[in-house]
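Just below is one structure, and these are the notes that go with it.
The values are calculated or read from the model by the stated rules, or taken from the named source; none is laboratory data. If you're wondering where the values come from, they're calculated on a predicted model, not measured in any experiment. Note: ideal-geometry Cβ built from the backbone for every residue, glycine included; neighbour counts use all protein chains shown.
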Amino acid sequence: MKFKRIFLLILDSLGVGEALDATNYNDNGANTLGHIKEQYDLFIPNLKKLGFLNTINMDENNNVEAYYTIARPTNPGKDTLNGHYEIMGVKNDIQFKSFTETGFPRELLDQIEYITGRRVIGNKNSNGIDIINELGERQMEHGFLIIYTSNGSNLQIAAHENVIPVAKLYDYAEKIRRITLREEWKIGRVIARPFTGKPGNFRFTNERQDYALKPPTMSVMNFLKENNYSVISIGKVADIFDHEGITKTIKARNNNEALNKLSDIMTKNFTGLCAINLNDFDSEFGHNRDVEGYAKAIEELDVEIPMILNKLETDDLLIITADHGCDPTFKGSDHTRENVPVIIYGRNLKEPKKLDILDSMADIGATIAENFEVSKPFIGKSFLEQLK
């Protein structure tokens, strides 16, 4: 074992340029980080020292403090599940269904109304806060269910907790999860979203619950858990994998909370993996095509980088990456098919430099597996020996 603890920081949607097959997704020219940098004067000195900006063009930088490269996506689709699957060595040939352009089909809505006994309203692509502000009062008056999608492969079901108790909303979500296993409706996640408050001041509670598909194969996290290593999830990583291979789940509502939880975990003594998802980049700024908000969120992360690096032990490793793109300058509001940055930092690594481009995001998972000497994942090639 080369590293006792590995911290995997996933910057949700922070891609660095169109993938080789971007044409298949109508995403030619997408570049989340590159286009943000073009439109906003990013001040990120700490990330810059790690080679983060060099991943845009893969240019040489001999004055970096970390290894840097990019990884190409190989799993089909550009959704959160497939991106995380690939990072953790799970091969998946299924592109999950997305209904962001058309809304959910009437047949599915009829099935939801039948199994819940409640009328459905909404059925559109929307930011969650926007739709509960629009339809929350109506939902409360009539006991309807607000159904919507927020880009990507998901179906979200929202209700005021005083009208539909949280446990009942979870029950509805579980039933919807079962019927959306049909091929024509196979979405990645069903998400229960209880909310509270009064008209004009609605807010989601902390009781969000995701019902994801189980990964089609075992992941690196499963192999770690089987060998009695810790596998700690901060943010939505556990939900994405339907809690498969996770030994400890820590919820986080936003980037700041996730980073605070990371800071706390870094003081604990464990051996294994801690995977952290920073979701605000995607949900708050990428989908909303908010360039300035996205840029400021990157700058806020940059401020936290010294804290993270200083808390690393000499036998720790930090890997920073992403799961897909969501270019805020691009057409539409969906994810974009992009390569992802890969930054590798350790206090004892003596030769930081640019690495060759990784053929798959799964190379990250393969490296983690080799470090802990567990079973190799189904896809991916380790770069552990290159870290010196």
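Could you tell me whether the stretch 82-94 includes any residue that is surrounded by 24 or more Cβ atoms within 10 Å (Cβ to Cβ), of a type in the set (Ser, Thr, Tyr), in contact (Cβ under 8 Å) with a residue 12 or more places away in the chain and assigned by TED's automatic domain parsing to the domain that holds residue 320? So far as the stretch 82-94 goes, yes, one or more of its residues are surrounded by 24 or more Cβ atoms within 10 Å (Cβ to Cβ), of a type in the set (Ser, Thr, Tyr), in contact (Cβ under 8 Å) with a residue 12 or more places away in the chain and assigned by TED's automatic domain parsing to the domain that holds residue 320. Taking residues in the stretch 97-115 that are at pLDDT 95 or above and surrounded by fewer than 20 Cβ atoms within 10 Å (Cβ to Cβ), and partners anywhere that are in a helix (DSSP H, G or I) and of a type in the set (A, V, I, L, M), the pairs with Cβ atoms closer than 8 Å and at least 6 places apart or on different chains are 111/179; 115/176; 115/179.
Residues are listed down the side, and each one gets a yes or a no for (1) small (Gly, Ala, Ser); (2) more than 16 Å from residue 336 (Cβ to Cβ); (3) touching a residue at least 60 places away in the same chain (Cβ under 8 Å); (4) in a loop (DSSP other than H, G, I, E, B):
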{"residue": "1", "(1), (2), (3), (4)": "no, yes, yes, yes"}
{"residue": "8", "(1), (2), (3), (4)": "no, yes, yes, no"}
{"residue": "14", "(1), (2), (3), (4)": "no, no, yes, yes"}
{"residue": "28", "(1), (2), (3), (4)": "no, no, no, yes"}
{"residue": "33", "(1), (2), (3), (4)": "no, no, yes, no"}
{"residue": "43", "(1), (2), (3), (4)": "no, yes, yes, yes"}
{"residue": "46", "(1), (2), (3), (4)": "no, yes, yes, no"}
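Of all residues assigned to the stretch 33-46, at least one qualifies as being crowded, with 19+ Cβ neighbours inside 10 Å, touching a strand residue (DSSP E or B) at 6+ places or on another chain (Cβ under 8 Å), modelled with pLDDT of 95 or more and in the same structural domain as residue 362 (by TED's automatic domain parsing). Among residues that are touching a helix residue (DSSP H, G or I) at 6+ places or on another chain (Cβ under 7 Å), in the same structural domain as residue 234 (by TED's automatic domain parsing), on the phi > 0 side of the Ramachandran plot and surrounded by 23 or more Cβ atoms within 10 Å (Cβ to Cβ), residue 77 is not included. For the stretch 187-212, a residue qualifies if it is surrounded by fewer than 14 Cβ atoms within 10 Å (Cβ to Cβ) and of a type in the set (D, E, K, R), and the qualifying residues are 198, 203.
Residue check: residue 189 meets all listed conditions (1) within 30 Å of residue 25 (Cα to Cα); (2) touching a Lys or Arg at 6+ places or on another chain (Cβ under 8 Å) but one, namely (2). Has the stretch 167-181 got at least one residue that is crowded, with 19+ Cβ neighbours inside 10 Å, at pLDDT below 95 and under 23 Å from the mean Cα position of the chain (by Cα)? No: zero hits. Residue pairs whose Cβ atoms lie under 7 Å apart, separated by 6 or more positions or on different chains, with the first residue in the stretch 213-227 and more than 12 Å from residue 89 (Cα to Cα) and surrounded by fewer than 22 Cβ atoms within 10 Å (Cβ to Cβ) and the second of a type outside the set (Ser, Thr, Tyr) and modelled with pLDDT under 95, are 214/242.
Just so you know, in the stretch 97-128 the residues that are part of a helix (DSSP H, G or I) and among the hydroxyl-bearing types (Ser, Thr, Tyr) include one that is farthest from the chain's Cα centre (by Cα), and it is 114. As for the stretch 129-140, it holds no residue that is surrounded by fewer than 16 Cβ atoms within 10 Å (Cβ to Cβ), of a type in the set (A, V, I, L, M, F, W, C) and part of a loop (DSSP other than H, G, I, E, B). Can you tell me which residue within the stretch 141-166, out of those that are under 20 Å from the mean Cα position of the chain (by Cα) and assigned to a strand (DSSP E or B), is surrounded by the fewest Cβ atoms within 10 Å (Cβ to Cβ)? Per the stated criteria, the residue is 156. Would you point out which residue out of 318, 278, 349, 301 is on the phi < 0 side of the Ramachandran plot, hydrophobic (A, V, I, L, M, F, W, C) and surrounded by fewer than 17 Cβ atoms within 10 Å (Cβ to Cβ)? The match here is 349. The stretch 223-307 holds strands (runs of 3 or more DSSP E) entirely within its bounds, and those carrying 2 or more residues that are out of contact with any helix residue (DSSP H, G or I) (no Cβ under 7 Å at 6 or more places or on another chain) and of a type in the set (Gly, Ala, Ser) map to 230-234.
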